[in-house]
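Visitor: I am attaching a structure below and will ask some questions about it afterwards.
The values are calculated or read from the model by the stated rules, or taken from the named source; none is laboratory data. Just so we're clear, the structure is a prediction, and the values are computed from it rather than from any experiment. Cβ sites come from the backbone with ideal geometry, for glycine too, and all protein chains shown count toward neighbours.
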Amino acid sequence: MSSAVQVWNPDDWELFALSLLQARHGPLHVQKIPAAHKGDYGIDYYCTKDSVAYQCYAVEEPIDIATRAERQKKKITADLGKLVTNCIPVGKLFHGIPIRHWVLVAPLHDSKEVNLHCAKKTEDLRNACCAALDPAIEVVIQDVSSFPNDSVAAGISALSTVTLSVPTPSQTELDSWAAGSTNLLSNATQKLKKRAGPDQLDDFVSEAVRSFLQGNGLLDALRSSSPELHEKVMSAVNSRARRLQFAGPQTGGSAGEVLHLELDALIAAVQAAAPSLSTENAEQIAYGSICEWIMRCPLDFPNVQ
């Protein structure tokens, strides 16, 4: 399944990037240029000690690779234009020491077209004969993979809201999973017969598989990007699973009533354990976990015929 993508608003990304840059250069060596008064010179943060300027940019996700690359290229072009136009005040910021690197910091960099664009803009800057720029200046794009995992995890754990965009599994992925998981598929079919009529059963089973795969994809992304948040979520899920396996469902009512109660309880448990996780993500994890419980154990509908 395709990787989940962190969804950022521009302000959160800028603050998150600041935490990464402070970890890289030291808190006292990273300065911010506010954009509210007369623009930002094509720079959000800078470090005079290492002669590097940073611009932060997060596209609106989810989006395809080509569109993401195109928007990143446009951002690079626009902000480097500001940099050259404001060469004199930029030089003052760096105390006359030429800038050696200009870096676009983005959540995700996944197209060599952006690298080629950076190479072109590097040549443009070197030919601009701007006193604030080193003759060998480099234009670079970096994403979270350019920073140590512990710095990334610490930054994410400090966010007020974490939202991941999880792609819906394709039909090929669904078919591939079904072909290799016949026992789980059979369990889901037998149990969901108690919830769906014969004309709905296939759709219910397909939705259960889709939710299971999507939930697992989200958990995998959390494990990589925020181990601490992942641990909290899994603790809540496993605690609910143990209780369900030991005590059974909270009601002896219909399959629909059981599912409603278990979903509500698990969503609430995940949100309580990981309040920074978005409501949408908490629901996706709960749906995926409930579907896994149906496929394996401990969830069944024993009082439903």
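Visitor: Select, from Ala158, Ala241, Ala188, Ala178, the only residue that is among the aliphatic types (A, V, I, L, M) and farther than 20 Å from Ile290 by Cα. Reasoning before the result, please.
Guide: On the way: Ala241 fails: farther than 20 Å from Ile290 by Cα; Ala188 fails: farther than 20 Å from Ile290 by Cα; Ala178 fails: farther than 20 Å from Ile290 by Cα.
Unique residue meeting the criteria: Ala158.
Visitor: Report, ordered by the first and then the second residue, all pairs with beta carbons closer than 8 Å, sequence separation of six or more or different chains, a first member in the range 20-43 that is under 14 Å from Gln55 (Cβ atoms), and a second member that is of a type in the set (Gly, Ala, Ser) and modelled with pLDDT of 95 or more.
Guide: Pairs that qualify, where the first residue is under 14 Å from Gln55 (Cβ atoms) and the partner is of a type in the set (Gly, Ala, Ser) and modelled with pLDDT of 95 or more, are Gly42/Ala53; Gly42/Ala78; Gly42/Gly81; Ile43/Ala53.
Visitor: Identify all residues within the range 242-263 that are small (Gly, Ala, Ser) and either within 17 Å of Lys194 (Cα to Cα) or assigned to a loop (DSSP other than H, G, I, E, B) (or both); write none if there are none.
Guide: Residues of the range 242-263 small (Gly, Ala, Ser): 247-248, 252-256.
If the condition is that a residue be small (Gly, Ala, Ser) and either within 17 Å of Lys194 (Cα to Cα) or assigned to a loop (DSSP other than H, G, I, E, B) (or both), then Gly248, Gly252, Gly253, Ser254, Ala255, Gly256 are the ones that fit.
Visitor: Quick one: which residue in Lys120, Lys92 is free of Cβ contacts under 8 Å to residues at least 24 places away in the same chain, within 23 Å of Gln31 (Cβ to Cβ) and of a type in the set (D, E, K, R)? Reasoning before the result, please.
Guide: On the way: Lys120 fails: within 23 Å of Gln31 (Cβ to Cβ).
Unique residue meeting the criteria: Lys92.
Visitor: Only one residue in Thr172, Thr182 is of a type outside the set (Lys, Arg) and more than 25 Å from Leu259 (Cβ to Cβ), so which one is that?
Guide: Working: Thr182 fails: more than 25 Å from Leu259 (Cβ to Cβ).
On inspection, the qualifying residue turns out to be Thr172.
Visitor: Let me ask something additional. Inside the range 26-83, can you point out the residues that are among the hydrophobic types (A, V, I, L, M, F, W, C), surrounded by fewer than 18 Cβ atoms within 10 Å (Cβ to Cβ) and over 20 Å from Lys120 (Cβ atoms)? Give the derivation first.
Guide: Looking only at the range 26-83, we keep the residues that are among the hydrophobic types (A, V, I, L, M, F, W, C), and these are 28, 30, 33, 35-36, 43, 47, 52-53, 56, 58-59, 63, 65-66, 69, 76, 78, 80, 83.
Add one more test, that the residue is surrounded by fewer than 18 Cβ atoms within 10 Å (Cβ to Cβ), and what stays is 28, 35-36, 63, 65-66, 78.
Listed by number, the residues that qualify are Leu28, Ala35, Ala36, Ile63.
Visitor: Taking helices (runs of 4 or more DSSP H) that do not extend beyond the range 1-117, which have at least 3 residues that are within 26 Å of the chain's Cα centre (by Cα), within 30 Å of Ser276 (Cβ to Cβ) and of a type in the set (Asp, Glu)? Break it down stepwise before answering.
Guide: Numbers: elements: 10-25, 65-85, 87-93.
Ranges flagged: 10-25.
Visitor: Kindly establish whether Asp134 is part of a helix (DSSP H, G or I) and either in contact (Cβ under 8 Å) with a residue 40 or more places away in the chain or exposed (fewer than 12 other Cβ atoms within 10 Å of the Cβ) (or both). Let's see the steps before the verdict.
Guide: Values: part of a helix (DSSP H, G or I): no; either in contact (Cβ under 8 Å) with a residue 40 or more places away in the chain or exposed (fewer than 12 other Cβ atoms within 10 Å of the Cβ) (or both): yes.
So Asp134 fails the test.
Visitor: Now for a different question. Test of understanding: among Val140, Val152, which residue is surrounded by 14 or more Cβ atoms within 10 Å (Cβ to Cβ) and either assigned to a strand (DSSP E or B) or more than 23 Å from the chain's Cα centre (by Cα) (or both)? Give the derivation first.
Guide: Details: Val152 fails: either assigned to a strand (DSSP E or B) or more than 23 Å from the chain's Cα centre (by Cα) (or both).
Unique residue meeting the criteria: Val140.
Visitor: Another one. Looking at Ala282, Ala272 in this structure, which one is buried (at least 18 other Cβ atoms within 10 Å of the Cβ), touching a helix residue (DSSP H, G or I) at 6+ places or on another chain (Cβ under 8 Å) and either part of a helix (DSSP H, G or I) or not aromatic (Phe, Trp, Tyr) (or both)?
Guide: Selected residue: Ala282, the only one of Ala282, Ala272 that is buried (at least 18 other Cβ atoms within 10 Å of the Cβ), touching a helix residue (DSSP H, G or I) at 6+ places or on another chain (Cβ under 8 Å) and either part of a helix (DSSP H, G or I) or not aromatic (Phe, Trp, Tyr) (or both).
Visitor: Only one residue in Ser239, Ser206, Ser211, Ser289 is within 29 Å of Ala153 (Cα to Cα), in a helix (DSSP H, G or I), of a type in the set (S, T, N, Q) and without any contact (Cβ under 8 Å) to a residue 40 or more places away in the chain. Which one? Don't jump to the end; show me each part of the working.
Guide: Details: Ser206 fails: within 29 Å of Ala153 (Cα to Cα); Ser211 fails: without any contact (Cβ under 8 Å) to a residue 40 or more places away in the chain; Ser289 fails: without any contact (Cβ under 8 Å) to a residue 40 or more places away in the chain.
Selected residue: Ser239, the only one of Ser239, Ser206, Ser211, Ser289 that is within 29 Å of Ala153 (Cα to Cα), in a helix (DSSP H, G or I), of a type in the set (S, T, N, Q) and without any contact (Cβ under 8 Å) to a residue 40 or more places away in the chain.
Visitor: Condition (residue is within 30 Å of Ser151 (Cα to Cα), over 22 Å from the mean Cα position of the chain (by Cα) and surrounded by fewer than 15 Cβ atoms within 10 Å (Cβ to Cβ)) applied to the range 220-243: is it met by at least one residue?
Guide: Kept after step one, since they are within 30 Å of Ser151 (Cα to Cα), are these residues of the range 220-243: 220-239.
Keeping just the survivors that are over 22 Å from the mean Cα position of the chain (by Cα) gives 238-239.
Adding the requirement that they be surrounded by fewer than 15 Cβ atoms within 10 Å (Cβ to Cβ) leaves 238-239.
Within the range 220-243 (the criterion being within 30 Å of Ser151 (Cα to Cα), over 22 Å from the mean Cα position of the chain (by Cα) and surrounded by fewer than 15 Cβ atoms within 10 Å (Cβ to Cβ)), the answer is yes, since at least one residue qualifies.
Visitor: I would also like to ask the following. Residue under question is Val162, and the condition is that it be touching a residue at least 60 places away in the same chain (Cβ under 8 Å), more than 30 Å from Cys47 (Cβ to Cβ) and of a type in the set (Val, Ile, Thr); does it hold? Quick ask: steps written out before the conclusion?
Guide: On the way: touching a residue at least 60 places away in the same chain (Cβ under 8 Å): yes; more than 30 Å from Cys47 (Cβ to Cβ): no; of a type in the set (Val, Ile, Thr): yes.
When the stated conditions are applied, Val162 does not pass them.
Visitor: A further question on this structure: Would you please list the contacts, defined by Cβ atoms under 6 Å and residues six or more apart or on different chains, that run from a residue in the range 61-81 that is within 16 Å of Trp13 (Cβ to Cβ) to a residue that is of a type in the set (S, T, N, Q) and modelled with pLDDT of 95 or more?
Guide: Asp79/Gln55
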